[in-house]
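Down below is the structure, laid out as structure tokens.
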Amino acid sequence: GNFKRIDLSNKSRDELHTMGQSFNDMIELLEENYKKQERFVSNASHELKTPLTVVESYSSLLKRRGLSDPDIFQESVEAINSEAERMKELTEQLLMLAKKDAQWNVNMEKVSLNQLVKTSVQAFVNAYDRNVDIQADQEVNVTTDEQKLKQLLYIFMDNAKKYSEDKITVRITAMDSFGVLEIIDYGIGISKEDLERVFDRFYRVDEARNRKSGGFGLGLSLAKELEQALKAEVFLSSELGSGTKAMIKVPLSH
Ligand code: ADP
């Protein structure tokens, strides 16, 4: 195969000991990664199974009684449609996560944060009819992949929408060598303990509550991957009951 063999002749005891140690470290790392991968596949299958079960039971109901009962027809078709949408969203997120960031096509260019925010917010407001307040007192240009930064912004706006009811604020500033985007909501907030875990794959603060709002707990783990790919920095701060602020720092263009 492609593996390099290590020449063990002329090695002292100390060298062999050091090698043995690195070998064990490697095994530990491999095992850890393997377990992570296993958990990922098992969680993903579980998440896909739930909507599939709904689709299965509604399609069988449709088959038995859909033709004779218009109410059942309507209800079933709507349920199947909405579950299919959820599965599509989940599959898209899974596909993105499965692809390592190194394999993502990252296309860095000079991008106006003001323009990017304006178009993203416009699309968001049209889609969700939510009040978004843009605060910007200067033009800020950054070096980034426009599509991916939009995705990152969207993840935080989407969460702000899901976990708050008031208006959402998006603020553009510059700090040192970074352009800064802040996405602020005045919603339910996240406790200190949960704040440490929300970036984990499939982690949701309150499963029951979040199932209704439709999240899979993958948005913020995607945000972490995007952060790396964009050489950006992402911070989340929050106070339970009063709201959440996400901060995205992106290198300024020069
Ligand atoms: P989801 O798709 O469930 O929103 P995320 O990975 O984006 O998944 O977020 C993980 C969890 O963190 C969410 O389920 C929610 O409990 C919590 N969370 C994220 N953003 C916010 C926010 N702006 N306000 C309150 N809770 C949030």
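The values are calculated or read from the model by the stated rules, or taken from the named source; none is laboratory data. This one's a predicted model, so the numbers in the text were calculated from it and none came from an experiment. Virtual Cβ from ideal backbone geometry, glycine too; neighbours counted across all protein chains shown. Please note that ligands, DNA and RNA were not included when accessible areas were found on the heavy atoms of the full protein model with its side chains. Shrake-Rupley method; radii C 1.70, N 1.55, O 1.52, S 1.80 Å.
For a quick check of understanding: with a 1.4 angstrom probe and all protein chains in place, what accessible area in square angstrom does Val77 have, to the nearest ten?
60 Å²
Sort Thr18, Thr119 by accessible area with a 1.4 Å probe, largest first.
Descending order: Thr18, Thr119.
So how far apart, in nm, are the two label points at Tyr34 and Leu16 if each is 7 Å from Cα heading toward Cβ?
2.6 nm
How much accessible area does Glu139 have with a 1.4 Å probe, in Å² rounded to the nearest 10?
That residue has around 140 Å² of solvent-accessible surface.
Would you tell me the accessible area of Ser45, worked out with a 1.4 angstrom probe on the heavy atoms of the protein chains, in Å² to the nearest 10?
Using a 1.4 Å probe on the heavy atoms, I get roughly 60 Å².
Could you state the accessible area per residue of the chain in Å², with a 1.4 Å probe and every protein chain left in place?
On a per-residue basis, 64 Å².
Percent relative contact order of the chain, based on C-alpha pairs within less than 8 angstrom and at least six residues apart?
17 percent
Which loop chymotrypsin sites (Phe, Trp or Tyr not before Pro) in the stretch 1-87, with loop taken from DSSP, have no more than 16 other Cβ atoms within 10 angstrom of their Cβ?
For chymotrypsin sites (Phe, Trp or Tyr not before Pro) across the stretch 1-87 that sit outside H, G, I, E and B with at most 16 neighbouring Cβ atoms in 10 Å, the list reads Phe3.
Using a 1.4 angstrom probe on the protein heavy atoms only, could you order Arg204, Arg130 from most to least accessible area?
From most exposed to least exposed: Arg130, Arg204.
Give the average over all directions of the projected area of the C-alpha convex hull of the chain, one decimal, in nm².
One quarter of the hull surface, i.e. the mean projection, equals 20.9 nm².
Roughly how many Å is it from the Cα centre of the stretch 216-254 to that of the stretch 32-51, as a whole number?
24 Å
Any idea which of Ala127, Ser82, Asn33 is furthest toward the positive side of the dipole for the stretch 26-151, if Lys and Arg beta-carbons carry +1 and Asp and Glu beta-carbons -1?
About the Cα centre, the residue reaching furthest to the positive side is Asn33.
Do you know the Lys pair count in the stretch 1-130 for C-alpha distances under 25 Å, with sequence separation 8 or more or different chains?
Here the count comes out as 17.
Quick check: at a probe of 1.4 Å, how many percent of the accessible area of the stretch 1-140 sits on carbon and sulfur atoms?
Carbon and sulfur atoms account for 53 percent of the accessible area of the stretch 1-140.
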